[in-house]
1. Can you give the percent of C-alpha pairs in the stretch 40-216 whose distance is more than 25 Å?
2. Percent of Cα-Cα pairs more than 20 Å apart in the stretch 120-187, please.
3. Cut-off under 24 Å on the C-alpha distance; same-chain residues fewer than 8 positions from Lys146 excluded. Which lysines are left, in chain and number order?
4. Order 203-214, 93-104 from most to least packed using the mean count of other Cβ atoms within 10 Å.
5. Using alpha carbon centroids, what distance separates the stretch 139-207 and the stretch 37-112, in Å?
6. According to the Kirkwood expression over distinct Cα-Cα pairs, how big is the hydrodynamic radius of the stretch 48-94, in Å?
Amino acid sequence: MKTILTLVGALALAFGFVVVPCCATTAQAASAATPAAAPAAPKLHAAMRELWQGHARTTRDYANAVKAADAGAAKTAADAVVANAKQIADAVGGFYGDAAGKRMLELLAGHWGGVKALTDAGKAGDDAAGAKAMQDLTANADAIAKFLSGANPNLAESAVKGLLVTHAGHHAQLVGEIMKGDGAAAAKTWSAMQAHMDTIADALAGGIARQFPAKAS
């Protein structure tokens, strides 16, 4: 599958982060994921990082289970993806209300639907289905960016979409490498994906901390 890589300089300027290409080394990824200054709400940042890292871990678990043709493990991983999405939605709802939390869950369900379809297509060698999944993930990134920027003026829509499209590209590359059995390449992509998860989490936490300084701290 073709990797989608997007430069999001607007977010880097807004939050002081650098987005790492999916083939960066582990050291480069760790360095780029580090904020320029200590976060204003460290507990919020840490919680957001754990939630978004959980998304990466559970979707990778699903890809590995699909590669191994282990239906039981695939179901367990899929259930974990959904549970993690609910936690992220609850975190959003904690600041913006129940309706916003429900909407975030719907959007994350759409993201997972695209990732699942991408993974299943990779296993089947169905390039057309994989391309359709990437189109759906891009559209979903647009919807999530609109939602988050509409709720928080500190989150620029174009920057958030750029982050999410890059994230979809990491999914595509990692799935392709897992299905090929290329462990070395998958390990490099995984390091970059983990760094990018921190970038997404820090951007969202930073935006929330600016909007709700008393509650976030």
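Read the figures in this text as sums done on the coordinates, not as results from a lab. Remember, it's a predicted structure, so these values are computed and weren't measured experimentally. Don't worry about glycine lacking a Cβ; one is built from the backbone with ideal geometry, like all the others, and counts go over all protein chains shown.
1. Details: 4566 of 15576 pairs.
The share of Cα pairs beyond 25 Å in the stretch 40-216 comes to 29 percent.
2. On the way: 916 of 2278 pairs.
Value for the stretch 120-187: 40 percent of Cα pairs lie more than 20 Å apart.
3. Within the straight-line limit of under 24 Å, Lys146 reaches these lysines: Lys86, Lys102, Lys116, Lys132, Lys161, Lys215.
4. Per-residue mean Cβ counts within 10 Å order the peptides as 203-214, 93-104.
5. 12 Å
6. Numbers: mean 1/r = 0.0925 Å⁻¹.
Averaging 1/r across every pair of different Cα atoms and inverting gives 10.8 Å.
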